[in-house]
Amino acid sequence: MFDRVHSYPVARMNLKQLEYFVRVAELGSFSKAAMIINIAQPALSRQVRLLESDLHVSLLTRTGRGVVLTEVGQRLFDHSVGILQLVARAAEDIQAVRDEPAGRIVIGLPPSISRRLTLPLVEAFRTHLPKARLAIVEGLSSHLSEWIATGRVDLGLVHNPEPNPALEVTPVLDEALGLISPVPAGQSVKPASLPLAELVNYPLILPERTHAMRKLLETQAAFADLKLNVVLEVSSVSSILDLVAAGYGHAVLTEAALAASGRPDAFALRPLVKPGLTSTLFLAQSAQKPITPLGRRVLRLLRDLVAETGDGSSHSKVR
């Protein structure tokens, strides 16, 4: 005797509904999403309600300030982002067969690089890939690694990524770390190197512990049995330099981060030695999704731009 086959209702959600839902969730507001998508807010709300009705769940919680994802809404959001990106990549692949690479690509850059690389990246992108669309997001390397692994960012540059089977990484630049100190106005200083053991004598302003450079510094200090004097924890590189300039302490950063501040003459950099500390910059992409023709072109573009900017630094080495 055959077992009875049970049938279950299949949700009638479509890609447009998923796209609307994702945009509302990202912006946390129906009104903002309607403005960005260029659709009437009642029509947008109706599509999201239809999606909730088809799935028999509540995806968003309405609050006085907008909307937030429910637990099941967060799960659908994660699935939806991946689905929409796969559809976009499929369209890009088809377009690339007929013509030059097209579509949209999201690139992640860490703050220490974003300021000096964004403008040349946009200019090169428009010159070499005029039919493609570029989106740039900025974040700490630990966050960028997670976003690339989960598909929210297509590829990017990250510092010292931890081993992750979901990431494929390639080293492109080695940058020496040094102690950043303020220089009084009107003075010029040519500082010598600083042994790592002497770093304990300086009050330090460092990023929080998930920052790639903080992890590198803490690990090396632990190996040398050194206890660092951390007086402030600030994640923003520009804010760290503002605090250093105001006399609140010293920082440990790369020459590239100092150059990106727009005021390198206001600071002195003493390279750390005995041992020297090097932060390595990696190109990162997903190891679980095939790269598109557009992605391959952008990887080469990023590598060339890093090589051009890295050659100008006396404390960096292009891979």
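The values are calculated or read from the model by the stated rules, or taken from the named source; none is laboratory data. Source: prediction; values computed, not measured. Backbone-built Cβ (ideal geometry, glycine too); neighbour counts: all protein chains shown.
For every residue, the table says whether it meets (1) over 16 Å from LEU117 (Cα atoms); (2) out of contact with any Leu (no Cβ under 7 Å at 6 or more places or on another chain).
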residue	(1), (2)
ALA224	yes, no
SER235	yes, no
LEU243	yes, no
GLY247	yes, yes
LEU283	no, no
LEU305	no, no
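For region 213-257, the set of residues classified as in contact (Cβ under 8 Å) with a residue 60 or more places away in the chain and on the phi > 0 side of the Ramachandran plot consists of GLY247 only.
All conditions in (1) within 27 Å of the chain's Cα centre (by Cα); (2) at pLDDT below 85; (3) surrounded by fewer than 18 Cβ atoms within 10 Å (Cβ to Cβ) hold for VAL87, with the sole exception of (2). Exactly one residue out of ARG49, ARG62, ARG23, ARG4 is modelled with pLDDT of 90 or more, more than 26 Å from the chain's Cα centre (by Cα) and not assigned by TED's automatic domain parsing to the domain that holds GLU146: that is ARG49.
Scanning region 194-212 for residues that are closer than 16 Å to ARG270 by Cα and in a helix (DSSP H, G or I) yields LEU196, ALA197, GLU198, LEU199, VAL200, ASN201.
Filtered by the rule that a residue be modelled with pLDDT under 85, within 28 Å of TRP147 (Cα to Cα) and surrounded by fewer than 20 Cβ atoms within 10 Å (Cβ to Cβ), region 246-286 gives a lone residue, ALA259. Scanning region 126-170 for residues that are within 30 Å of VAL200 (Cβ to Cβ) and part of a strand (DSSP E or B) turns up VAL158, HIS159. Can we say THR210 is in contact with a strand residue (DSSP E or B) (Cβ under 7 Å, 6 or more places away or on another chain), under 20 Å from LEU140 (Cβ atoms) and of a type in the set (Ser, Thr, Tyr)? Against the criterion (in contact with a strand residue (DSSP E or B) (Cβ under 7 Å, 6 or more places away or on another chain), under 20 Å from LEU140 (Cβ atoms) and of a type in the set (Ser, Thr, Tyr)), THR210 does not qualify.
In region 233-245, of all residues being hydroxyl-bearing (Ser, Thr, Tyr) and under 18 Å from LEU217 (Cα atoms), the one that is surrounded by the fewest Cβ atoms within 10 Å (Cβ to Cβ) corresponds to SER236.
Sort through ILE105, ILE148, ILE113 and tell me the only one that's over 15 Å from GLY295 (Cα atoms) and buried (at least 18 other Cβ atoms within 10 Å of the Cβ).
Numbers: ILE105 fails: over 15 Å from GLY295 (Cα atoms); ILE148 fails: over 15 Å from GLY295 (Cα atoms).
Result of the check over ILE105, ILE148, ILE113: ILE113.
Scanning region 27-46 for residues being surrounded by 15 or more Cβ atoms within 10 Å (Cβ to Cβ) and either under 29 Å from the mean Cα position of the chain (by Cα) or in contact (Cβ under 8 Å) with a residue 40 or more places away in the chain (or both) gives a total of 8.
Just to check your reading of the model, which residue among LEU119, LEU134 is exposed (fewer than 14 other Cβ atoms within 10 Å of the Cβ) and modelled with pLDDT of 90 or more?
Numbers: LEU134 fails: exposed (fewer than 14 other Cβ atoms within 10 Å of the Cβ).
After ruling out the rest, the residue left standing is LEU119.
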